[in-house]
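Encoded as structure tokens, the structure appears first; notes follow it.
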Amino acid sequence: MIEIPLVQLPVEPAVSCSNCAACCCQLEVMLITDTGVPQRFIDTDDWGGEVMRRLDDNWCAALDRDTMRCSIYEQRPLICREFEMSSAECLEERRGMSDIYR
């Protein structure tokens, strides 16, 4: 009899740029520090604060729709730098948009 080893599959799917739908790019991003975000990607919210501009589809204007990657990655806002791939916040946003990953 051949014994087949039991392998525990991860509870959450692995998150990487290749399987991410950039759901975090639909969140409101306030610009708190100057990271060099080009002016064409900056908008003003209802209270006068600077935020990342979003297009009519509600996605960040800096998101490259063909690759689903940030077109200003080196100059991305602080909040985007702190929102780490596969962090608890990332996984929560992915769960909220679970229909994208089916």
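Kindly indicate whether any position in segment 53-73 is among the aromatic types (Phe, Trp, Tyr) and either surrounded by 17 or more Cβ atoms within 10 Å (Cβ to Cβ) or in a strand (DSSP E or B) (or both). Taking every residue of segment 53-73 in turn, none turns out to be among the aromatic types (Phe, Trp, Tyr) and either surrounded by 17 or more Cβ atoms within 10 Å (Cβ to Cβ) or in a strand (DSSP E or B) (or both).
Across segment 74-94, the qualifying residues are those that are more than 12 Å from the chain's Cα centre (by Cα) and surrounded by fewer than 11 Cβ atoms within 10 Å (Cβ to Cβ), and the one among them that is farthest from Met30 (Cα to Cα) is Ala88. Which of the residues belonging to segment 38-48 are part of a loop (DSSP other than H, G, I, E, B) and either touching a strand residue (DSSP E or B) at 6+ places or on another chain (Cβ under 6 Å) or in contact (Cβ under 8 Å) with a residue 24 or more places away in the chain (or both)? Result: Pro38, Asp45. Before we move on, is Val51 at pLDDT below 90 and not aromatic (Phe, Trp, Tyr)? Spelling it out, it is not the case that Val51 is at pLDDT below 90 and not aromatic (Phe, Trp, Tyr).
What are the residues in segment 43-60 that are on the phi > 0 side of the Ramachandran plot and in contact with a helix residue (DSSP H, G or I) (Cβ under 8 Å, 6 or more places away or on another chain), if any? The one that is on the phi > 0 side of the Ramachandran plot and in contact with a helix residue (DSSP H, G or I) (Cβ under 8 Å, 6 or more places away or on another chain): Asn58. Only one entry in Thr67, Thr35 is of a type in the set (Ser, Thr, Tyr) and more than 24 Å from Gly96 (Cα to Cα), namely Thr35. Criterion applied to Ala88, Ala21, Ala14, Ala62 was being at pLDDT 90 or above and of a type in the set (Gly, Ala, Ser), and the one residue passing it is Ala62. Based on this model, can you work out whether Thr44 counts as surrounded by 10 or more Cβ atoms within 10 Å (Cβ to Cβ), over 17 Å from the mean Cα position of the chain (by Cα) and modelled with pLDDT of 80 or more? Here the answer is yes, as Thr44 does meet what is asked.
The values are calculated or read from the model by the stated rules, or taken from the named source; none is laboratory data. The structure presented is a predicted model; accordingly, all values stated were derived computationally and were not measured. Here the Cβ is made from the backbone with ideal geometry for all residues, glycine too, and neighbour counts use every protein chain on show.
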